[in-house]
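**Q** I have a structure here, written as structure tokens, and I will follow up with some questions on it.
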Amino acid sequence: MEYKILRDKKRKRVAITVDLYGQVIVKANIKTSDAFIDKFVNNNIKWIENRKKIMLERRPYIINPTQEQISAMKKDALVCMTNITNKYAGIMDLKPTGIKITSAKKRWGSCSSRNSICYTYNVMALPERCREYLAIHELAHIKEKNHSLKFYKIIEKYMPDYKEIQTELNKYSIV
């Protein structure tokens, strides 16, 4: 099996990822031998093949806007996500300290320790129900700063079908 190796002197463990295009990437310490890496990859063939299949299924949902689209999406996202967040903040009786739009590539949203909420502009490529879920998710972090059972109970209170929406959201990927 073909794979790309990324070496880093600070990395302590070997890890395998499969990107959106099905390329296998192995991350390892600079001292890790090629033989060890090859054995590691061969021991994880089933996982790799399964992950490649998942990534191929996601391809129609890959979000990759042009620069012009990004500018419009940022403006739209600020208005849209501010409205949705404020709506659910009122329902949940919570007060975020701010709402910002970022160019994040690894996450849809985040909530800081100071209760400021950020969303990536890519949320505009999502269905409305997914955007509502993201707002509820980030608002729930104001009460519960982790992803514990208590955290998900908060989400469930305001969105009982959140697991279905998470499944839908997981079909989308940011490039």
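Readers should treat all values here as calculations from the given coordinates under stated rules, not as data from a laboratory. Source: prediction; values computed, not measured. Cβ coordinates were reconstructed from backbone atoms using ideal geometry, including for glycine residues, and neighbour counts include every protein chain displayed.
**Q** How far is helix 128-143 tilted, in degrees, relative to the longest principal axis of the Cα atoms in the chain, given as a value from 0 to 90 rounded to the nearest 10?
**A** Orientation of helix 128-143: about 90 degrees from the principal axis.
**Q** Would you kindly state how much longer the chain becomes between Thr66 and Lys52 on full extension, computed as 0.36 nm times their sequence separation minus their alpha carbon distance, in nm to one decimal? Display every interim value, and only then the final one.
**A** On the way: separation 14, 0.36 × 14 = 5.04 nm, distance 2.61 nm.
Computed gain between Thr66 and Lys52 is 2.4 nm.
**Q** Hey, another quick one. Treating the angle as unsigned and between 0 and 90°, give the value, to the nearest 10°, between the Cα long axis of helix 67-92 and the longest Cα principal axis of the chain.
**A** Taking the Cα atoms of the chain, the angle to 67-92 is about 60 degrees.
**Q** Pairing the Cα long axis of helix 149-158 with the longest principal axis of the chain, what angle in degrees results, from 0 to 90 and rounded to the nearest 10?
**A** Rounded to the nearest ten degrees, it is 50.
**Q** Can you figure out the FRET efficiency of Ala35 with Lys10, using R₀ = 22 Å and their beta-carbon distance, to the nearest 0.05?
**A** Numbers: r = 22 Å, r/R0 = 1.00.
It comes to 0.50.
**Q** Next up: Could you work out the helix-only [θ] at 222 nm for the chain, with each DSSP H run of four or more residues adding -39,500 (n - 2.57) and the total divided by the number of residues, to the nearest 500 deg cm²/dmol? Can you show the working numbers first?
**A** Details: 6 runs with 84 residues, N = 175.
The per-residue figure over the chain is -15500 deg cm²/dmol.
**Q** Rounded to the nearest Å, what's the spacing between the alpha carbon centres of the range 75-109 and the range 122-175? Just the number, please.
**A** 12 Å
**Q** Let me ask another. So I have [x] 12.0; [y] 11.3; [z] 13.8, and one of them is mean projected area of the Cα convex hull in nm² calculated from this model. Which one is it?
**A** Step by step, mean projected area of the Cα convex hull in nm² for this structure corresponds to label [x].
**Q** Considering only DSSP beta bridges with both partners in the chain, what is the antiparallel share in %, to the nearest 5?
**A** Bridges in the chain that DSSP calls antiparallel: roughly 40 percent.
**Q** Just to be sure I understand: of the beta bridges DSSP finds with both ends in the range 1-47, what percent are antiparallel, rounded to 5? Walk me through the numbers on the way to the answer.
**A** Details: 4 of 8 bridges.
Around 50 percent of the beta bridges assigned by DSSP in the range 1-47 are antiparallel ones.
**Q** In the structure displayed, which of Lys12/Lys163; Lys10/Lys39; Lys52/Lys150; Lys10/Lys46 lie more than 26 Å apart, Cα to Cα?
**A** Result: Lys12/Lys163; Lys52/Lys150; Lys10/Lys46 exceed 26 Å.
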